[in-house]
1. Conditions first: (1) within 14 Å of chain B (Cβ to nearest Cβ); (2) touching a residue at least 24 places away in the same chain (Cβ under 8 Å); (3) within 23 Å of A:I152 (Cα to Cα). A:M37 passes all but one, so which condition is the exception?
2. For the range A:106-116, does any single residue satisfy the condition of being polar (S, T, N, Q) and in contact with a Phe, Trp or Tyr (Cβ under 8 Å, 6 or more places away or on another chain)?
3. (1) at pLDDT below 95; (2) farther than 16 Å from A:H174 by Cα: which one isn't true of A:I32, the others all being true?
4. Condition first: of a type in the set (K, R), assigned to a helix (DSSP H, G or I) and out of contact with any Ser or Thr (no Cβ under 9 Å at 6 or more places or on another chain). Now tell me which residues in the range A:114-167 satisfy that.
5. Going through B:G38, B:G63, B:G67, B:G76 one at a time, which residue ends up being modelled with pLDDT of 65 or more and at the interface with another protein chain (Cβ under 9 Å from one of its Cβ atoms)?
6. From the list A:M37, A:M83, A:M28, pick out the single residue that is surrounded by fewer than 18 Cβ atoms within 10 Å (Cβ to Cβ) and touching a helix residue (DSSP H, G or I) at 6+ places or on another chain (Cβ under 7 Å).
7. Out of curiosity, is A:V124 within 26 Å of A:Y199 (Cα to Cα), of a type outside the set (S, T, Y) and at pLDDT 95 or above?
8. (1) without any contact (Cβ under 8 Å) to a residue 60 or more places away in the chain; (2) closer than 28 Å to A:H126 by Cβ: which one isn't true of A:I30, the others all being true?
Amino acid sequence: MADAGALAVPRPAVSEPAPAVSNTRLAMIIVIAAESMLFAGLIGTYLVFRLAAHDWPPPDQPRLPLAMTAVNTLVLLGSTLSMTRALRAVRRGDRVTLVRAATLTTILGVLFLVVQGTEWVRLVQHGLTLGSSMYGANFYVLIGCHGAHVLIAVTWLAITTALARRGAFRATRHAALEMCALYWYFVCGLWLVLFPLVYLY
Amino acid sequence: MTRIRTSLVRLAVVATALAGQAGTALAQSCAMCSSSFGQNDPVQRAFSWSILFLMAAPYTIVGVVGGYLFYTYRRGPRRDRASIIDLAGRARRLRRFVRARPTEGDIA
C-alpha cells in the first residue's frame, strides 16, 4: 500500500493573496449578467409592440396607476439605502445596526410587493388581464418577471436577516450578505429602467 | 514596386465600390423587415429599434462586467493605482530586481 503522505500534494509555503474578485462575487456577477440578458429580451419584445402601436395604451384598456407606483419606486430606492447601511454595519462589526437595517430592507421589499399586488388586483378588476390585449400581456410579463425576481430577493433577504440575527456574519466573513446585497441592487436598478419604460413612456 | 502599387490602387477601387454598395444596404433594416413591411411602416421602425437594442445589450453587459473586473484587478492588493500602463512603476520594479539579482561572478 502506498504511503498516503507521499501522495499528498505539498502545500505552498507562502499563502497566495486573495483574488481581487472572489469566486462568489464572480458567480453572482455571471448570474446578474444572465438575468440582464433575460430582461433585455423582454424589453426588446416590449419595444416592438410599444413602437409599432398607434395608441398606447389602447383606448379600451385602463391606465396604469402612476402616482402609487412612483411612491413604490421611492420605497424600493429607500431599501437600497438601508441595504447599504447594513453592509457598512457588518464591515465595522456593528451587529445591532446590521440587524435593524437588514430588517428594514426586508420590510420595504415586502411593502413594494404588497403595493404591486394590490395594483395588479385593481387592474384586473378594471379589465387589464394577460389576455385582454398585447398591452396587458406585455405589462404582466415584464413587470411580473421583475416582481418574481423581487420575491426571490426578498426571500433571500429574509433568510439573510435571520442569519444576521443569529450572529452568523463577522466583519471579516459576510460573503452571503454581500451577495444578497448585490442581487438586491440589481433588482432595484432594474426597476429604475422598467418604471420609466412601462409607466412613463 | 510598381506592381504592388497598382495592386493596391485596384484593391482600393474595389473596396470603395463595395463600401458604396454597403451604404445603400444600410438604409434598409434586416431583409425580413424590409420585405414584409412598407417603407414608413411603424412596425418596421419598431423592429429596427428592438434589433438595435438587443444587439447592443450583450456588448454593454460584457463591457461593463469586463471593465469592472479589469479595474478591480488593477486596484487589487499590491497595486497603488488603476493605471493601465504603469511604465514608471514597471521601470522602478525592474531596477530593483536588477540590483537585487546576484551577478554570475557571485555564484562562484
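1. (2)
2. Start the filter on the range A:106-116 by keeping residues that are polar (S, T, N, Q), which leaves A:106, A:116.
Restricting the remaining residues to those that are in contact with a Phe, Trp or Tyr (Cβ under 8 Å, 6 or more places away or on another chain) gives none.
Taking every residue of the range A:106-116 in turn, none turns out to be polar (S, T, N, Q) and in contact with a Phe, Trp or Tyr (Cβ under 8 Å, 6 or more places away or on another chain).
3. Checking A:I32 against (1) at pLDDT below 95; (2) farther than 16 Å from A:H174 by Cα, the one that fails is (1).
4. Residues of the range A:114-167 of a type in the set (K, R): A:122, A:165-166.
Pick out the ones that are also assigned to a helix (DSSP H, G or I) and you get A:122, A:165.
Answer for the range A:114-167, where residues must be of a type in the set (K, R), assigned to a helix (DSSP H, G or I) and out of contact with any Ser or Thr (no Cβ under 9 Å at 6 or more places or on another chain): just A:R122.
5. Every option except B:G76 fails the conditions.
6. Testing whether each residue is surrounded by fewer than 18 Cβ atoms within 10 Å (Cβ to Cβ) and touching a helix residue (DSSP H, G or I) at 6+ places or on another chain (Cβ under 7 Å) leaves just A:M37.
7. On the way: within 26 Å of A:Y199 (Cα to Cα): yes; of a type outside the set (S, T, Y): yes; at pLDDT 95 or above: no.
So A:V124 fails the test.
8. (2)
The values are calculated or read from the model by the stated rules, or taken from the named source; none is laboratory data. Source: prediction; values computed, not measured. Cβ atoms come from the backbone with ideal geometry, glycine included; neighbour counts cover every protein chain shown.
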